[in-house]
1. Taking all protein chains together and a probe of 1.4 Å, list E334, E424, E284 from the most accessible to the least accessible.
2. Would you mind estimating how fast the stretch 535-676 diffuses translationally, via Stokes-Einstein at 10 °C and 1.306 mPa s with the Kirkwood radius over Cα pairs, in µm²/s?
3. When the chain is fully extended, how far beyond the present Cα-Cα distance does D540 get from E284, taking 0.36 nm per residue of separation?
4. Just list whichever of K537/K611; K120/K342; K423/K642; K319/K448 have alpha carbons separated by over 29 Å in the model shown.
5. Quick check: pseudo-label points 7 Å beyond the Cα along Cα→Cβ at T607 and K428, how many nm apart are they?
6. Which value, to two decimals, describes the C-alpha radius of gyration of the stretch 580-646 once divided by 2.2 N^0.38 Å?
7. How far apart, in nm, are the 7 Å Cα→Cβ label points at T636 and L251?
8. With the calculation restricted to Cα positions, what are the radius of gyration and Dmax of the stretch 362-453 in angstrom?
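The values are calculated or read from the model by the stated rules, or taken from the named source; none is laboratory data. Since the structure is predicted, the reported quantities are computational estimates derived from the model, not experimental observations. Quick reminder, even Gly has a Cβ in these numbers, built from the backbone with ideal geometry, and neighbours come from all protein chains shown. Surface areas here come from the heavy atoms of the whole protein model, side chains and all, with no ligands, DNA or RNA. Shrake-Rupley method; radii C 1.70, N 1.55, O 1.52, S 1.80 Å.
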Amino acid sequence: MERDIFFRPERFIEKQYLEERTLSDRKLCIPLIKDDIDKRAEFIRDLIALANASRERGKPAYILFGVRDNWDKVGIEGQSVQAKLPIGYNPNDDAQVEHLQRKVIEKAFIGIATQYIAPKVPSLEYYHGLIDGVRFSYLEICAEALNKTAYEVAKDLLDAQAVTQLKKGDCFTRRGESKIPVSEEEKPFLYSWTNRPYIDNSQWRNYINQLKEGGEFENLEDVIGRQFLYANNDTPLEDEVKVYIESPPGLSLLIIRGQPGCGKSVFLQDQTRKLATNLIQELESNTQSVSFKNPIPIFQSLNDFSIKPGDSLERELIKRLREPSLSELQVASEPEKVFQDKSKKWVILLDAFDEVAPELQSEIWREIRRLASYPQDMKIILTVRPDVPLRVPKTGVKEVTVAPLKEEQIWNYLRGQIESDEKEKIVKSFFATNNEIWRHLEVPLFLKTAATYFNSIKITSDADKTGNNNLEDNANTIVESPMIGSKLIDLTGENLTDKPEFASTNLIRTELLDKEAEDTSIRMGIFLDKVFHLLWKHNDEKKRLVGMDLGDLDETYEALGEMVAKKMVRREKVRIREAEVFLKKVLNWILDLGILFKSGGRIFFLTSLAKIYFAAFFLRVLLEEPDELNEIITNTPEFWEKCLSIVRDFASMDKQLDISPLIHCVEILKGEQTNG
């Protein structure tokens with residue numbers, strides 16, 4: 001602890017020292033000079049509060065004498081003491097007399113501290129000196145960090161006529177300009193923060209408010225497609241989480257598995273927001289309690305997450321809490337020890353373990369298991385894809401899987417997004433053309449994206465008159481999202497716009513991609529093209545938030561289609577290393593989109609419809625170099641006919657696209673098969 005070794009006049013000159021703060025106080029008079037029980041009791045209270053603040057922060061605290069509350073510096077002249085000069089002192093030597101007086105006052109301070117402060121008197125040093133001919137003084141308080149208990153009143157200081165009454169055991173600390181009483185419950189936490197931090201209630205309130213209202217949770221209530229998810233046992237996923245959090249110690253890790261785009265991240269963020277809301281309500285209703293009934297939520301996305309050598313998972317988590325609201329964590333050498341606070345409950349919400357770099361997954365999983373074995377009241381919730389292997393312990397862990405959306409949920413959602421009954425009929429009729437579309441709609445991200453596309457189209461005037469199932473694509477325009485001008489329905493069928501938290505929604509605008517064509521009927525190729533483009537946009541924006549760049553959409557989708565055309569025409573799955581040849585570093589990002597899935601070291605598409613679309617995407621590129629088509633289209637004419645149908649849809653939106661070479665290749669292949 002750095003201390004003064006002589007009088008420092010800048011403490012009375014510079015604002016940073018003169019301001020009353022956690023470790024500094026100002027007084028006009030030296031309280032020992034006047035025989036005033038109130039002044040003495042007030043000084044003892046100040047001394048205890050500053051000693052505890054010094055002990056917590058590992059820095060000296062100071063009381064400046066000779067300064068008024070309005071910062072008027074008058075000095076301490078006339079506040080000297082009459083001291084009997086010992087042998088050898090010259091009464092005419094001002095320096096000797098002042099030195100003696102300083103020692104007498106310091107001894108008096110120590111005497112009062114010894115009499116009224118326990119357990120051990122903090123180190124006190126009294127300094128005085130001249131500033132522009134005016135004498136000032138201050139008391140330096142250096143607390144012992146190794147004390148096992150906080151400083152408190154050692155014996156009663158009571159007087160019937162005194163305003164300030166002190167009883168044995170009374171304890172105080174200082175926060176800013178305020179002296180705060182410390183309850184018996186809180187005393188054990190007034191330890192040295194240089195090793196183990198302590199966060200008081202006001203700081204926790206700031207943190208929880210920031211967590212609830214800022215960052216990734218800022219507009220969470222307004223997210224389109226906010227899902228009411230179910231576990232695979234038909235239990236609402238939210239109920240599974242609630243039962244887990246309220247379970248007794250022993251069950252400390254809940255693993256939520258789900259396919260990409262199934263809503264795991266939005267769900268986990270929503271749970272964090274709800275936990276934060278519960279805790280902030282508790283703290284606002286009871287500002288003095290140290291023990292929290294509700295758990296403290298800590299949310300961390302594991303996207304691009306790592307642990308430095310020698311560090312622990314809890315230390316990495318705490319680093320992300322070092323915001324202004326929890327600034328005390330910055331001074332502690334072992335900030336992760338905040339988790340040892342037995343008066344608190346913790347819920348650590350870790351999202352997207354599957355996005356951890358493969359070479360780091362074993363280490364981080366090991367750290368998660370270690371943290372789950374913490375003796376404190378801690379619950380960990382981890383989201384991960386079904387295909388990620390984890391060595392799960394036999395005890396202390398529960399696993400649930402997010403169930404696919406049911407048809408009733410899907411249509412409840414679509415009804416809330418699609419603007420008219422007529423359009424709903426047309427959309428439903430379109431989905432009936434290929435049952436595989438339903439497999440995609442079971443994934444909330446795909447469903448939300450499909451709804452965004454369908455809400456961007458309108459029935460043509462001809463269709464209105466004739467009842468034909470033709471839709472006009474409002475291409476090359478900017479349209480409002482499904483949230484605008486329609487009720488927002490969650491996947492339980494409940495009207496969310498009637499809820500207070502959904503009363504005010506943000507406007508989201510989506511730019512459509514293709515140009516309007518003369519043929520305005522809904523085509524499968526156009527639908528898939530728009531949906532997969534919007535899916536890319538969604539993931540690209542998410543990755544950019546953490547400093548990642550997915551690269552070029554056309555190049556990636558072309559590579560994906562090339563993999564299909566060269567490796568998957570007659571195969572449902574390919575090995576991961578085969579996929580990496582085509583997709584290289586973007587393979588994991590494609591998995592995030594829910595386009596590809598991984599199981600047992602192999603990669604596959606959710607449906608043959610998705611596989612055909614990407615093969616068609618590749619063929620559209622090859623039309624620029626039609627000679628290569630003959631090398632690709634060599635077998636399985638039924639597959640290439642389906643691809644041709646999708647490419648025809650592309651051509652309906654791009655009149656410059658000449659698909660005759662592709663038609664020719666497919667016809668030749670069909671003829672060869674017939675002749676054969």
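1. These residues rank, largest area first, as E284, E334, E424.
2. After rounding, the answer is 99 µm²/s.
3. Result for the pair: 88.2 nm of gain on full extension.
4. Among K537/K611; K120/K342; K423/K642; K319/K448, the Cα-Cα distance tops 29 Å for K319/K448.
5. The two pseudo-label positions are separated by 1.8 nm.
6. 1.23
7. Inter-label distance under the simple model: 4.5 nm.
8. My reading of the Cα-based Rg and Dmax gives 20.0, 60 Å.
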